[in-house]
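Participant: Got a structure here, written out as structure tokens. Questions coming.
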Amino acid sequence: MKPLRFLFSLLLIFVVVFCFAPTAWAFCGFYVAKADTKLYNKASQVAIAHSGDRTVLTMANDYQGDVKDFAIVVPVPTVLQKEQVRVGNPKILERLDAFSAPRLVEYFDPDPCTPVYENALPQSAPAPAAQRSDAGAKRGGDSLGVTVEARFNVGEYDIVILSAKESGGLETWLIRNGYKIPKGAKQLLKPYIRQKMKFFVAKVNLDKFEETGYQYLRPLQISYQSPKFMLPIRLGMINATTEQDLVVYILSPKGQAELTNYRTVKIPSNANIPLFVKNEFGEFYKSMFQTSYTREDRKVAFLEYAWDMGSCDPCSADPLSREELKQAGVFWFNDFPPDINQSAPFRNSIVPNDVFITRLHVRYSRDKFPEDLIFQETSNRENFQGRYILQHPFTGEAKCQAGRQYKQSLPKRFEQEAQTLARLTNWNIQDIRKKMNLESQLRTSWWQVILSWLGWN
């Protein structure tokens, strides 16, 4: 029994040290809610696995409507061949979202009269190649200055890779070939043509879509080698009447990613907020994001999460497995996925096997984001997460001087939480106080305050 008791004591010491030591990287909280992309009616998601000049881009299709009308045009830096395009697993983007989403955590105050070691109380620690088109199609394109560089089918998608000499000819070619292109595309296509970029164009093959048995379109994943580390967003603004949300998950062996042509700002984090927010976390986060977005003049990217994929604290979802990371496009593992072609540029890459994830949330409009998103990798491996704290007060009887002082400090703490919530969300402070039911909390403890003044308790 003694060895067993000794081991139990060691385990208890381990738990106390790691849960209560005030470090910059161990939160030891209880995760209770997350702010994932389901909060938004329409939020595009893109995963980018990037190292050096090599990129694997996974685009989630949140298209709503008849699939026969679906068409996507994506500027790409090089001509893509069939082996560089595949249909992705939609669950992978859901996993990335769940793992990196901003989160709500809970702490419970201990009995203030229980003896503890110095600095032992739980603290709100800071976060720390392809078939060519037929001659007839080429002749039709030539007259418009459009060249079909490649044509192939992947999964339920029919894909063509185009180059063009002028935007009007490209717009005309797309319309003549059955692509439903929104009005105004001509002007937005022009800058990409000047940069001599190619155009990845996909529409749904209805017969093959029915064969898949899926109700929704699966994501498309493309691999290419280019010094351009960017994401084109301007074409997505053609018919937009309101701001659009975009969540980008960047996977890198190096460290955090950031924008070079717009500021990257950390979302407000590590704030203690009132307990009632537990039932309103979605509305809280949407209001807080909008308030921060407005204060930053609507032209920044918000960092919502940055962490090594091998761990999380607290975890809103398990880290992605090695196989899931491969499906997300991570190509720098020594044993490559079997479906990457031998001739692909990533085959002989030998770099460390670690994966760092950066989650960027961009809410953009045409006037505030006139340029596409340009990224860069950094060596910064500092952990960060959007994290919001519920601190439950101790509700038992205060039987010591420290307990009486603790009880007296609660009204000020509650008021600070109310003011923090108002500042973060722009919510009315009186409404917040009413929801917190502060008068009730103070009324139940008035006698303890009186007795403490008299020194009778």
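Participant: For residues that are in contact with a helix residue (DSSP H, G or I) (Cβ under 6 Å, 6 or more places away or on another chain) and not hydrophobic (A, V, I, L, M, F, W, C), scanning just the stretch 269-282, find the one that is least open to solvent (accessible area, probe 1.4 Å).
Facilitator: Applying the filter and picking the extreme gives PRO274.
Participant: Could you check, for the stretch 262-281, whether at least one of its residues is of a type in the set (S, T, N, Q) and under 16 Å from the mean Cα position of the chain (by Cα)?
Facilitator: Here is the first cut: in the stretch 262-281, the residues of a type in the set (S, T, N, Q) are 264, 269-270, 272, 279.
With under 16 Å from the mean Cα position of the chain (by Cα) added as a condition, the list becomes 264, 269.
Within the stretch 262-281 (the criterion being of a type in the set (S, T, N, Q) and under 16 Å from the mean Cα position of the chain (by Cα)), the answer is yes, since at least one residue qualifies.
Participant: Of the residues ARG433, ARG404, ARG413, only one is open to solvent by less than 50 Å² (accessible area, probe 1.4 Å) and not small (Gly, Ala, Ser); which?
Facilitator: The conditions single out ARG404.
Participant: Let me ask another. Among (1) open to solvent by 30 Å² or more (accessible area, probe 1.4 Å); (2) under 25 Å from the mean Cα position of the chain (by Cα), which single condition is THR78 missing?
Facilitator: Of everything listed in (1) open to solvent by 30 Å² or more (accessible area, probe 1.4 Å); (2) under 25 Å from the mean Cα position of the chain (by Cα), THR78 misses just condition (2).
Participant: For the stretch 293-333, name all the residues that are open to solvent by less than 10 Å² (accessible area, probe 1.4 Å), of a type in the set (Gly, Ala, Ser) and closer than 30 Å to LEU421 by Cβ.
Facilitator: Those that are open to solvent by less than 10 Å² (accessible area, probe 1.4 Å), of a type in the set (Gly, Ala, Ser) and closer than 30 Å to LEU421 by Cβ: ALA301, ALA306.
Participant: Here's something else I'd like to know. Which residue out of GLN244, GLN215 is among the polar types (S, T, N, Q), touching a strand residue (DSSP E or B) at 6+ places or on another chain (Cβ under 7 Å) and open to solvent by 20 Å² or more (accessible area, probe 1.4 Å)?
Facilitator: Unique residue meeting the criteria: GLN244.
Participant: Test of understanding: among ALA21, ALA47, ALA26, which residue is modelled with pLDDT under 80 and open to solvent by less than 30 Å² (accessible area, probe 1.4 Å)?
Facilitator: From the options ALA21, ALA47, ALA26, the qualifying one is ALA26.
Participant: Please enumerate the residues belonging to the stretch 59-72 that are touching a helix residue (DSSP H, G or I) at 6+ places or on another chain (Cβ under 7 Å) and surrounded by 21 or more Cβ atoms within 10 Å (Cβ to Cβ).
Facilitator: ALA60
Participant: Would you please name the residue that is nearest to LYS399 (Cα to Cα), looking only at residues in the stretch 94-106 that are of a type outside the set (S, T, N, Q) and open to solvent by less than 10 Å² (accessible area, probe 1.4 Å)?
Facilitator: Only one residue tops the list, namely VAL105.
Participant: I would also like to ask the following. What's the number of the only condition in (1) more than 30 Å from LEU390 (Cα to Cα); (2) buried (at least 18 other Cβ atoms within 10 Å of the Cβ); (3) of a type in the set (Ser, Thr, Tyr) that TYR285 fails to meet?
Facilitator: Exception for TYR285: condition (1).
Participant: Looking at the stretch 29-39, which of the residues that are in a helix (DSSP H, G or I) and surrounded by 15 or more Cβ atoms within 10 Å (Cβ to Cβ) is modelled with the lowest pLDDT?
Facilitator: Filtering the stretch 29-39 for residues in a helix (DSSP H, G or I) gives 37-39.
If we keep only those that are surrounded by 15 or more Cβ atoms within 10 Å (Cβ to Cβ) too, we end up with 37, 39.
Values: THR37: 91, LEU39: 88.
In this case the residue turns out to be LEU39.
Participant: Tell me whether the stretch 232-245 contains one or more residues that are within 16 Å of the chain's Cα centre (by Cα), modelled with pLDDT under 95, farther than 27 Å from ASP431 by Cα and not hydroxyl-bearing (Ser, Thr, Tyr). Write out each step before concluding.
Facilitator: We begin by selecting, within the stretch 232-245, every residue within 16 Å of the chain's Cα centre (by Cα); these are 244-245.
Those still in the list that are modelled with pLDDT under 95 too: 244-245.
So of that shortlist, the ones also farther than 27 Å from ASP431 by Cα come out as 244-245.
Adding the requirement that they be not hydroxyl-bearing (Ser, Thr, Tyr) leaves 244-245.
The answer is yes; a qualifying residue exists.
Participant: Same structure, new question: Any chance the stretch 359-367 includes a residue that's touching a Cys at 6+ places or on another chain (Cβ under 9 Å) and surrounded by fewer than 18 Cβ atoms within 10 Å (Cβ to Cβ)?
Facilitator: no
Participant: When you scan the stretch 397-457 for helices (runs of 4 or more DSSP H) that lie fully inside it, which ones turn up with 1 or more residues that are at pLDDT below 90?
Facilitator: 401-425, 438-444, 446-454
Participant: Next question. Could you count how many residues in the stretch 206-252 are closer than 30 Å to GLY52 by Cα and acidic (Asp, Glu)? Lay out the reasoning, then the answer.
Facilitator: So in the stretch 206-252, the residues closer than 30 Å to GLY52 by Cα come out as 218-237, 244-252.
Restricting the remaining residues to those that are acidic (Asp, Glu) gives 245.
Result for the stretch 206-252: 1.
Participant: How many residues are of a type in the set (D, E, K, R) and under 16 Å from the mean Cα position of the chain (by Cα) when one looks only at the stretch 283-312?
Facilitator: 3
Participant: Still on this model: Within the stretch 87-99, which residues are touching a strand residue (DSSP E or B) at 6+ places or on another chain (Cβ under 8 Å) and within 10 Å of PRO219 (Cβ to Cβ)?
Facilitator: VAL87, GLY88, ILE92, LEU93
Participant: Of all residues in the stretch 344-358, count the ones that are assigned to a loop (DSSP other than H, G, I, E, B) and either open to solvent by less than 30 Å² (accessible area, probe 1.4 Å) or modelled with pLDDT of 95 or more (or both). Please lay out each step first, then the result.
Facilitator: As a first pass, look at the stretch 344-358 and keep what is assigned to a loop (DSSP other than H, G, I, E, B): 344-355.
Remaining after also requiring either open to solvent by less than 30 Å² (accessible area, probe 1.4 Å) or modelled with pLDDT of 95 or more (or both): 344, 346, 349, 355.
Residues in the stretch 344-358 being assigned to a loop (DSSP other than H, G, I, E, B) and either open to solvent by less than 30 Å² (accessible area, probe 1.4 Å) or modelled with pLDDT of 95 or more (or both): 4 in total.
Participant: Here's something else I'd like to know. Pull out all pairs, ordered by first then second residue, where Cβ-Cβ is under 8 Å, the residues are six or more apart or on different chains, the first lies in the stretch 186-207 and is open to solvent by less than 50 Å² (accessible area, probe 1.4 Å), and the second is of a type in the set (Lys, Arg).
Facilitator: Filtered contacts from the stretch 186-207: LEU188/ARG234; PRO191/ARG234; ILE193/LYS165; VAL204/LYS68.
The values are calculated or read from the model by the stated rules, or taken from the named source; none is laboratory data. These numbers were taken from a predicted model, which means no experiment stands behind them. Every residue, glycine among them, receives a Cβ derived from its backbone with ideal geometry; neighbour counts consider all protein chains shown. Areas reflect the complete protein model, heavy atoms only, side chains present, ligands, DNA and RNA absent. Shrake-Rupley method; radii C 1.70, N 1.55, O 1.52, S 1.80 Å.
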